[in-house]
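Before any comments, here is the structure.
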Amino acid sequence: MIQKEVTLLNRLGLHIRPAAQLTKIASKYQADVYLLKDGMRVNGKSIMGVMMLAAARGSTLVLEAIGDDEQQLIDELIKLFENKFYED
Amino acid sequence: MSADKREQILRGIPASPGIAIGIVHRMVYDEPEVLPRKLAPSEIPQELGRFDRSIEETRHAIERSRDRALDVAGVAVGKIFDAHLLILADEVFLDQVRGRITREQFDAEYIIFDSFAQMIEVISRSQGEVFRERATDLRDVRTRLLRFLRGDGDIIPDHPTHQVILVAEDLSPTQALNLDRELVHGIATDVGGLTSHTAILARSMDIPTIVGIGDVSGKVQDGDSIIINGNSGKVILHPTPDSQVEYEEKRERYRGFQRLLEDIKFQPAVTLDGREIKLWGNIELPREAESVHAHGGTGVGLFRSEFLFLTRETTPTEDEQFEVYDKAAEIMAPHPVVIRTFDLGGDKYHAGINIRDEKNPFLGYRAIRVSLSRRDLFKVQLRAILRASARGNVRVMFPFVSGFEELRESLAVLQEAKQELNQRKLAHDPNMLVGIMVEIPSAAIIADRLAEECDFFSIGTNDLVQYTVATDRANEQVAAYYRSYHPGVLRLIEMTVKAGAKHGVHVGICGELGGSPAAAPLLVGLGLEELSMTASMIPEIKKIIRSMTYEECKRIARKALKMDTSQEVQSFLRGELKKRFADLPIWFS
């Protein structure tokens, strides 16, 4: 299992389109992935779950991946966060 | 509800023009109490099948809504329904629902209602407008899902059956999309802004609308009298007889003005002394060309091709692009369609094009700079545009050109694209007109030179202003410095027009200024030959042009060019317009 902390830098936060990008990437991998924030833990492959975090700009989340390809999965997600979801 | 029916005035954001006087119909979300029904274990497989079928049916219904939304309101509203489809594609969530039906042995309606309720509850409590709006979307999807589950189909309940003014906290996207223009004369909502789905749809359907009123839905009941002025944003509850009369007169004047526009809509935009100005439309979807026609426009001055990238994850193929360009050209024929090559970067990103995080994206890797570094994509687009040119009146335009380097490089790529088509024996117009956007000051300054190597200029005023006065147009902190009528901007426009005239290069404008009534006499006076704008503005601009002489416009332009500040120019232009078209407040809002 890997855990990694990330900060949301895109202007509108983890709203529906960024959430869609995230879940789409997560679903490509065999590993399970979860997002943790304020005591909530949601499945990274579920757009409804990810939206429920209502994570606004500046908030910090923990990404957690478990499975064979966990490292690649985490790397790709971190790239997405660093690139502000190619949004703004 | 109190018996107090004294006149009360509220204010909101005028989202769609016009005046409506009528009675209130309150619209609420159709959210019935769903009571749990216990299932026998033997019923569960059947219940799961019912659930899956309702998902499938709802998905098709939402797809239809999306297509209709694209048709009537454009990409922004279409995206809302795309988001709804994503919710229905969430296998993790759907599996949870299936799991609950099996475990808890309750009927699908109850489990769906309850699962969504938990989401809605959390999201509505969250900070930030963008998340709270999502609660509206979740309710919308849930309502449709429940209706299909009950076999009620996709009829939207709670629609008025008589002529009314709708009052609601907010309309769900589906409710807004299904409004009946014949019955709904006006809309007033508590929440929303100019870009909310309600606002966009109301404008596309021509329904006077005010949004963001704060609390109007809590203050009225069905049957109350109400007046809304979509030109000013004023809402009058329980109007007195005097107000009633006053607004009936206002409505008549406004309607008179609308009829006037209707009468001249298909007349040429020609000044009293005979100078004809081309009025064209800006579009981002091919079918919007129909709206340009319907508003009396005689061409598309700006077809924003980015939408091909913004609505999807992969890059569009040559054939896909060709179809889109060809469609626009076919609808607009025989009039021209100017296709701008994709303007990505700045604030528009695409997953297939890697744009690094930049300190100053608007001074960075965008538009033609992206195209020239991604020649693979650029050439695909140019070939598609060229192929469309064989069949319709198509022109190509390069955005964000700062000087000869980009222009010549782009022309070279265009040449390669032509040769490739020749090799493939695919037809194209070898003389397709090529133009550039003039939106960087350096391009305006050397316009006399650039004119030697292209066929037309289109001045992009939004960016030209931003770069000339060095003010980020999205930064509210410096909004006061974003001055559209800055003398520096006016001189750059003048220089560009003169350079074009000298070399026989057609000069148009496709920024917001092009659709501003106050700016119209100035732009005509500066010598612009074409103004391209949001289609709905064409009739008003046409009316102004047809009411003035070119000589007058030239005098106005000369005077404006001598002024010191943007503010002075603006009030001067408004004053000039007011003199000629008194009593039409919408033009000055």
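Bridgeable aspartates and glutamates around B:K38 (alpha carbons under 17 Å apart, same-chain partners fewer than 8 residues away excluded): B:E47, B:E104, B:D107, B:E109, B:D114.
The long axis of helix B:566-580 is offset from the longest Cα principal axis of chain B by roughly 80 degrees. Within the full protein context, the accessible area of B:Y110 is estimated at about 50 Å² for a probe radius of 1.4 Å. Only beta bridges with both residues in segment B:267-406 are counted; by DSSP, about 15 percent of them are antiparallel.
The angle separating the long axis of helix B:404-423 from the principal Cα axis of greatest extent in chain B is about 70 degrees. Near B:A499, once Lys and Arg are set to +1 and Asp and Glu to -1 for all other residues with Cβ below 14 Å from its Cβ, the sum equals -2. Taking the convex hull of the alpha carbon positions in segment B:277-365 and averaging its projected area over all directions gives 6.7 nm². What residues qualify as long-range amide H neighbours of B:E306, i.e. H under 5 Å apart, gap of 5 or more or another chain, H built at 1.01 Å from N? HN-HN under 5 Å from B:E306: B:D343. Of the three principal axes defined by the Cα atoms of segment B:350-428, the extents in descending order read 45, 28, 21 Å.
Label-to-label distance for B:L260 and A:D38 is 5.4 nm, based on points extended 7 Å past Cα in the beta-carbon direction.
Longest stretch of chain B clear of exposed loop sites (GluC sites (Glu not before Pro), DSSP loop, at most 15 other Cβ atoms within 10 Å, sites excluded): B:359-589. With 20 Å bins beginning at zero, the pair-distance distribution over Cα atoms of chain B amounts to 18, 47, 30, 5, 0 %.
Remark: the Cα gyration tensor places segment B:472-589 in the rounded category, a/c being less than 1.5.
Straight-distance candidates among the lysines for linking to B:K278, with alpha-carbon spacing under 18 Å and chain neighbours fewer than 8 residues away dropped: B:K265, B:K498, B:K542, B:K543, B:K554. Using only alpha-carbon positions in segment B:276-428, the gyration tensor eigenvalues give semi-axes of 24, 19, 15 Å once each is multiplied by 5 and square-rooted (largest first).
For A:K28, the lysines whose Cα comes closer than 16 Å to its Cα, not counting residues fewer than 8 places off in the same chain, are A:K45, A:K79. Across segment B:168-184, coupling constants 3J(HN,Hα) worked out from phi with the 6.51/-1.76/1.60 Karplus curve, θ = phi - 60°, read 8, 4, 7, 9, 6, x, 5, 4, 4, 5, 9, 4, 9, 4, 5, 9, 8 Hz, and Gly and Pro carry x. The angle between the Cα long axis of helix B:241-264 and the main principal axis of chain B comes to about 50°, on a 0 to 90 degree scale. Whole-percent P(r), segment B:149-287, all Cα pairs, 10 Å bins from 0: 10, 32, 31, 18, 8, 1, 0. Entry note, chain B: the mean residue ellipticity at 222 nm calculated from DSSP H runs of n ≥ 4, each adding -39500 (n - 2.57), is -15000 deg cm²/dmol after division by the residues and rounding to the nearest 500. Both radii are taken from the alpha-carbon atoms of segment B:114-157; with Rh as the Kirkwood radius, Rg/Rh is 1.07. Karplus-based coupling profile of segment B:463-479, in residue order and whole Hz: 6, 4, 5, 3, 7, 5, 9, 6, 10, 4, 6, 9, 8, 5, 5, 10, 4, with θ = phi - 60° in 6.51 cos²θ - 1.76 cosθ + 1.60 and x standing for Gly or Pro. Mean projection of the Cα convex hull over all viewing directions, computed for the protein assembly as shown: 33.1 nm². With semi-axes defined as the square roots of five times the eigenvalues of the C-alpha gyration tensor, the equivalent ellipsoid of chain A measures 18, 13, 12 Å, largest first. For segment B:26-96, the pair-distance distribution built from all alpha carbon pairs, in bins 5 Å wide starting at 0, is 3, 13, 15, 17, 20, 14, 9, 5, 2, 1 percent. Dividing the alpha-carbon radius of gyration of segment B:87-224 by the rule-of-thumb value 2.2 N^0.38 Å gives 1.18.
The values are calculated or read from the model by the stated rules, or taken from the named source; none is laboratory data. Just so it is clear, the model here is predicted, and its values are computed rather than measured. Cβ sites come from the backbone with ideal geometry, for glycine too, and all protein chains shown count toward neighbours. We work out accessible area using only protein heavy atoms, side chains counted, and drop any ligands, DNA or RNA first. Shrake-Rupley method; radii C 1.70, N 1.55, O 1.52, S 1.80 Å.
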